[in-house]
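Chemist: Below is a structure I'd like to ask you about.
The values are calculated or read from the model by the stated rules, or taken from the named source; none is laboratory data. What you are looking at is a predicted structure, and each value in this text was computed from that prediction instead of being measured. Neighbour counts run over all protein chains shown; Cβ positions are idealised from the backbone, glycine included. For accessibility, only protein heavy atoms count, side chains too; no ligands or nucleic acids. Shrake-Rupley method; radii C 1.70, N 1.55, O 1.52, S 1.80 Å.
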Amino acid sequence: MSGRAAADAPWDATQALPSEGGARVDHLVVLGLVPPGARVLDIGCGDGTLLALLRDRRGVDGRGIELSRAGVNACLARGLSVIQGDADTDLAAYPDDAFDVVVLSQTIQATRNPRIVLEHLLRIGRQVIISFPNFGHWRVRAELAFRGRMPVTEILPEAWYETPNIHHCTIRDFVGLCREVGAKIETAAALDARGRPMRLAMPWWFWNLIGAQGVFLLRRDGETGGR
């Protein structure tokens, strides 16, 4: 899907997930989007759980960037190649097309300049996988409408004064940002609060209300899968 077509087409949330004991279901969604043996950069990789899953199940040549020293240490303990860095300031140093796939999982809403970060991702990687909590979810709307308070939910667990999230967005907002930066949406899935794909074939506006998370596979507009 690309451009306006992505806004009108049903979301692809029907693919069966692999069975991997103990893995987070949203990580399995990302796993299913990464080709075997790909060169992968995981930005904001935390303790390395996703990057280790990609290494063990897809045989990727994986690299990571993590802001916290504790996260970097946890990654190194897993045998992962991870450096300490900041998505807002350090991505400019990476050359064009340095990786086959760049992953930004549950992190874009915590960056200071999401548009600039997304532009760098599309430049660095031939494909980009982004997941984020959907601030348009019905529970979020209900908290604001009926209680007049910033929501605390399964996917947004921190109070407003503790959350690292500084740029909340909805699925609809992100589709609009993709259009602005010239990103082609190859596929997308809406996940429930437990990270499970919602398998009903419905238009995107339905998932903007019902989906707790969004996962997007992007490519620069005009690029093809064979390059």
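Chemist: From the set of residues in region 134-157 that are part of a loop (DSSP other than H, G, I, E, B) and open to solvent by 70 Å² or more (accessible area, probe 1.4 Å), which is farthest from residue 114 (Cα to Cα)?
Modeler: 149
Chemist: For region 27-41, how many residues are under 14 Å from residue 217 (Cα atoms) and either in a loop (DSSP other than H, G, I, E, B) or among the acidic types (Asp, Glu) (or both)?
Modeler: Residues in region 27-41 being under 14 Å from residue 217 (Cα atoms) and either in a loop (DSSP other than H, G, I, E, B) or among the acidic types (Asp, Glu) (or both): 4 in total.
Chemist: Continuing with this model, one more query. Just to check your reading of the model, which residue among 121, 80 is modelled with pLDDT of 95 or more, within 20 Å of residue 133 (Cα to Cα) and touching a Leu at 6+ places or on another chain (Cβ under 8 Å)?
Modeler: On inspection, the qualifying residue turns out to be 121.
Chemist: Spot the failing condition for residue 167; the list is (1) open to solvent by 70 Å² or more (accessible area, probe 1.4 Å); (2) part of a helix (DSSP H, G or I), and only one is missed.
Modeler: Among (1) open to solvent by 70 Å² or more (accessible area, probe 1.4 Å); (2) part of a helix (DSSP H, G or I), residue 167 violates only (2).
Chemist: Out of all the residues in region 171-179, is one or more surrounded by fewer than 17 Cβ atoms within 10 Å (Cβ to Cβ) and assigned to a loop (DSSP other than H, G, I, E, B)?
Modeler: No: zero hits.
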